[in-house]
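Below: the structure, in structure tokens.
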Amino acid sequence: MELIFEVRDAEEGGFYARALGQAIFTEAENWDDLRANVLEAVSLHYEDATTRPRLVQMHYVRDELNEIAAWGVRRPRYPHAGHLGYRRSTRREVTSSSGTRDRPLTQLPSRCTIP
């Protein structure tokens, strides 16, 4: 059996730990003292050695709030999507030295003008 402790920062400094699914709680000023307190609390809670968990996992959780800028408000750097390689259609009217024709974009001549 494994017992998992959720460890968080205490408001006054140090850490506090509570077991998930069990009524075990302890606290300490540093990590090493917390580890010793957790093992002691587990051994006191489970007096019978046969029911005592073989593994104790200490899972440190840190809550952090970060503000993210609104992405939809910012305008794009370039006013057109052509710089990204996006094309509105697969066919364009191409004007070249030989005249105007309709060709797929994959077959555009090397020198052409797109109006």
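The values are calculated or read from the model by the stated rules, or taken from the named source; none is laboratory data. Everything numeric in this text was worked out from a predicted model, so none of it was measured. Reconstructed Cβ throughout: ideal geometry from the backbone, glycine too, with neighbour counts over all protein chains shown.
Laid out as a table, the results:
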{"item": "Candidate set: segment 24-54, residues that are at pLDDT 95 or above, among the aliphatic types (A, V, I, L, M) and not in a helix (DSSP H, G or I); chosen: the one nearest to Glu2 (Cα to Cα)", "result": "Ile24"}
{"item": "Enumeration of residues in segment 11-23 that are among the aliphatic types (A, V, I, L, M) and over 14 Å from Met1 (Cα atoms)", "result": "Ala17, Ala23"}
{"item": "Whichever residue in segment 55-70 is touching an Asp or Glu at 6+ places or on another chain (Cβ under 8 Å) and aliphatic (A, V, I, L, M) and, among such residues, is nearest to Glu6 (Cα to Cα)", "result": "Val61"}
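Conditions tested, residue by residue: (1) surrounded by fewer than 14 Cβ atoms within 10 Å (Cβ to Cβ); (2) of a type in the set (D, E, K, R).
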site: Met1; (1), (2): yes, no
site: Asp9; (1), (2): yes, yes
site: Gly21; (1), (2): yes, no
site: Ala28; (1), (2): no, no
site: Leu44; (1), (2): yes, no
site: Thr50; (1), (2): yes, no
site: Val61; (1), (2): yes, no
site: Glu67; (1), (2): yes, yes
